[in-house]
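Here is the structure we will look at, set down as structure tokens.
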Amino acid sequence: MSGTPQNIIGGVLLIVVTALTISLQDLVFKLFSGELTLWQIFALRGMMAVPVLILLGSLRQGLRPILSLAYGFWPLMRGLCLTMTFLAFYAAIPFLSLSTVGAANYIAPVFVAILSAYVIKEPVSRLGWIGVVLGFAGVVVLLQPGTDAFSGFALLPVCGAAFYALGHIITRTRCQAVPTEALALSLNSLMCLAGVVASVALLAVVPSGPLAESSPYIFGQWSEVAGSDWLVLILLTGFAVAIGMMLAGAYKIAPPATVATFEYSYLIFVAAWDILFFDTAPTGLSLTGMAMIVGAGLLVMRERPDKG
């Protein structure tokens, strides 16, 4: 498209670095999940990330404009969808391998195709629908429902992928003119709010029973934050800000279909972390399911080369 920056090599390198950074963030979440609750991490990280994003946005847009843009209806709806995505994703991390969670989450392009066809009336070709069927078949192979290998927690990243797809549709149709800093600010504000609200709710109604006892990461109370905990939270804050900026940058300088293809490099990184840190190698069925999901995503994205 005339006037649109095209730096394919730069975009590919940036999205691979972004995928590596996201995988490191997810590794830290998994390693750190026994220390603080998910809600405490979201609340504290948001409290640190929001001022940074307000500062960055103010430098480019001004304080009042960046707040007005960030807290408009559609940016908030987008932020709500992505908040649900991240909550579902990170709630599943302590119970599943990073590879399984990541692959299930990458069914999102399939949901994008379905929503595009039925919500915003963008046509999906026969090849795209083949990708949809292949993607859902890959999820079945990966998660193995009905067998002893199946975990109910595996459904969380699939649900998260559906919310991610809806957020993508909102971004494309309603938030094209909203600056990146404003979108990042609305998202991190809502994630922080979700952490605070859930934490207060857990104080008011203390969960009990086997599930609550076995899942303190989700149902536990706030705990004291030690010095090392603050270092991890600062690291996660840095990850959150950097990922938001790098992800937007990659999609701005290179064709979206190309960038999205190399975003699947995330699965290579998390498979390596599973082996190195948790001594968990993907099974043959898991690898087959992952390959089917990646293939489905590539088929769907191939049919949408000019879409953001």
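FYI, it's all coordinate maths here, none of it is from the lab. Note that the coordinates shown come from a computational prediction; the quantities given were computed from them, not determined experimentally. With ideal geometry, Cβ positions are generated from the backbone for all residues, glycine too; neighbour counts draw on all protein chains shown.
Remarks
- Other residues whose C-beta falls under 15 angstrom from the C-beta of CYS81 contribute a net charge of +3, scoring Lys and Arg +1 and Asp and Glu -1.
- Distribution of pairwise C-alpha distances over the chain, 10 Å bins, in %: 6, 26, 36, 24, 7, 1, 0
- For THR280, the residues whose modelled amide H falls within less than 5 Å of its own, excluding neighbours fewer than 5 places apart on the same chain, are ILE275.
- Normalising the average separation of contacting C-alpha pairs (under 8 angstrom, six or more residues apart) by the number of residues puts the relative contact order of the range 8-302 at 42 percent.
- Counting other Cβ atoms within 10 Å as a rough exposure proxy, the listed residues GLU35, GLU181, GLU224 run GLU224, GLU35, GLU181 from fewest neighbours to most.
- Applying Stokes-Einstein at 10 °C and 1.306 mPa s to the Kirkwood radius of the range 155-228, computed over alpha-carbon pairs, gives a translational diffusion coefficient of 104 µm² s⁻¹.
- Only helical runs count toward this figure. For the chain, summing -39,500 (n - 2.57) over DSSP H runs of n ≥ 4 and dividing by all residues gives -25000 deg cm²/dmol at 222 nm.
- Phi-derived couplings, Karplus 6.51 cos²θ - 1.76 cosθ + 1.60 at θ = phi - 60°, listed residue by residue for the range 32-47: 8, 5, x, 9, 10, 6, 4, 5, 5, 5, 5, 5, 5, 5, x, 4 Hz, with x used for Gly and Pro.
- A simple rule links phi to the HN-Hα coupling: the Karplus curve 6.51 cos²θ - 1.76 cosθ + 1.60 with θ = phi - 60°, which for the range 78-85 gives 4, x, 5, 4, 6, 4, 4, 4 Hz, with x for Gly and Pro.
- Exposure proxy ranking, count of Cβ atoms within 10 Å, fewest first, for TYR217, TYR71: TYR71, TYR217
- From least to most packed, judged by other beta carbons within 10 angstrom and beginning with the fewest, VAL206, VAL119 follow the order VAL206, VAL119.
- Segment ALA291-VAL197, length gained on full extension (0.36 nm per residue, minus Cα span): 30.0 nm
- Whole-Hz Karplus values for the range 162-171 come out as 5, 5, 4, 5, 5, x, 5, 5, 5, 4 Hz, taken residue by residue from phi with 6.51 cos²θ - 1.76 cosθ + 1.60 and θ = phi - 60°; glycine and proline positions read x.
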